[in-house]
Amino acid sequence: MRPNGERFKLQAADLRHAIITSTHYKPQAHPLVRDTATRLRDLGVRVTEDPDGVMPLAEHADGVDLVIAIGGDGTLLTTARRLVGVHVPTLGVNLGKLGFLAEHSPGDLDRYLRGEISAHWHISPKMMLQVSLENSDGDTLRYALNDVIVSQGVMTRLIGIDMAVDDQHATQYRADGLVVSSPVGSTAYSLSLGGPILSQGLRAFVITPIAPHVLTNRPIVIEGSSEVRFTVRGPIGELALVIDGHERLELAEDDRFIVCAAPTDFLLISSDQHSYFDILRTKLAWGEKPQLQDWAAAVPDKPS
């Protein structure tokens, strides 16, 4: 057993109530939503269907035994944000390639519905971020599984962002923007900016400046128990907080936002058959030789 999660042993036939969710962005997932719902009902399970991903899940998930999210990593990111406040295991079914989060195939789901629950499944808690934006419009609360990004529009310029950790002034970033990422999100935008990859069981988050004016402003890892306050300084054009790449909150000068750990973790059903490092090697092509032959074939011959 992995140290960060218990085994998931609940058979499909033993479920009392399950929610099956997806997204309207992936209509190809909807037939599998309907088929899964029918098969669970045939087992005597109460099923709530949410194929378009619009239901307020936290309000309906109290007492639910399992959430099945069908689509991919994007579907799981949305599902995680909609489940903050409740503790329900979620099975992510990926209809595309191997995902960082949605690692189970439709075949895995089929075997589960037939009663062949995998001995390799366990519940893996994923730390989420809570962000509170304080401005002239009042307070706005949002949650993220991947990251919170201070992002500009097409025309970028240096902006100032003050940062305080647990009410202690840390620094003022002068940069094009900023990324605050969870351990899950450390392999997303933060990684492309030179940020570290965090092990999934850590209680921590990474703060990574985007194109900092001072090269010694490097990514920093903060304890997950900390509260980090950011204040936007200087003239600002188009600036916003982007939550998991899905939600956008406008920012203005002197706006303040606070990032800390969310009150509940996202309980994801993972498999021992694909370790985190297996997924990293697959997705990031670790240890692979450069595809020089493919590159050479794509380059046209020089004229004689």
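The values are calculated or read from the model by the stated rules, or taken from the named source; none is laboratory data. Quantities reported herein were computed from a predicted structural model and do not represent experimental measurements. Please note that ligands, DNA and RNA were not included when accessible areas were found on the heavy atoms of the full protein model with its side chains. Shrake-Rupley method; radii C 1.70, N 1.55, O 1.52, S 1.80 Å.
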What's the tally of Lys pairs in the chain whose alpha-carbon atoms lie under 29 angstrom apart, where the two lysines are 8 or more places apart or on different chains? 11
Using the Kirkwood radius over Cα pairs of region 1-112, the Stokes-Einstein translational diffusion coefficient at 10 °C and 1.306 mPa s, in µm²/s and rounded to a whole number, is 113
At q = 0.13 Å⁻¹, work out log10 I(q)/I(0) for the chain with the Debye formula, treating every Cα as an identical point scatterer and leaving solvent out; two decimals please. -0.96
For LEU10, LEU241, give the ranking by accessible area with the largest first, probe 1.4 Å. LEU10, LEU241
Square roots of 5 times each gyration tensor eigenvalue, C-alpha, region 103-147, largest first, Å: 40, 11, 8
Working with all protein chains in place, sort SER225, SER271 by solvent-accessible area computed with a 1.4 Å probe, largest first. SER225, SER271
Using 0.36 nm times the number of residues separating GLN172 and LEU215, minus their current alpha carbon distance, what extension gain do you get? 14.2 nm
On a full-extension model of 0.36 nm per residue, what is the gain between THR156 and ARG281, subtracting their alpha-carbon distance, rounded to one decimal in nm? 41.6 nm
Taking ARG203, ARG111, ARG81 and ranking on accessible area (1.4 Å, protein atoms only), highest first, one gets ARG203, ARG111, ARG81
Over region 60-114, what lengths in whole Å, largest first, do the semi-axes of the equivalent ellipsoid take, defined as the square roots of 5 times the eigenvalues of the alpha-carbon gyration tensor? 20, 15, 7
With all protein chains present, the chain has a carbon and sulfur share of its accessible area (1.4 Å probe) in percent of 51
Correct semi-axes for region 166-265, from √(5λ) of the alpha-carbon gyration tensor and rounded to whole Å with the largest first, are 21, 16, 15
Taking only Cα atoms of region 77-182, the Rg to Rh ratio with Kirkwood Rh works out at 1.11
So with the 1.4 Å probe, I'd like the accessible area per residue for the chain, rounded to whole Å². 49
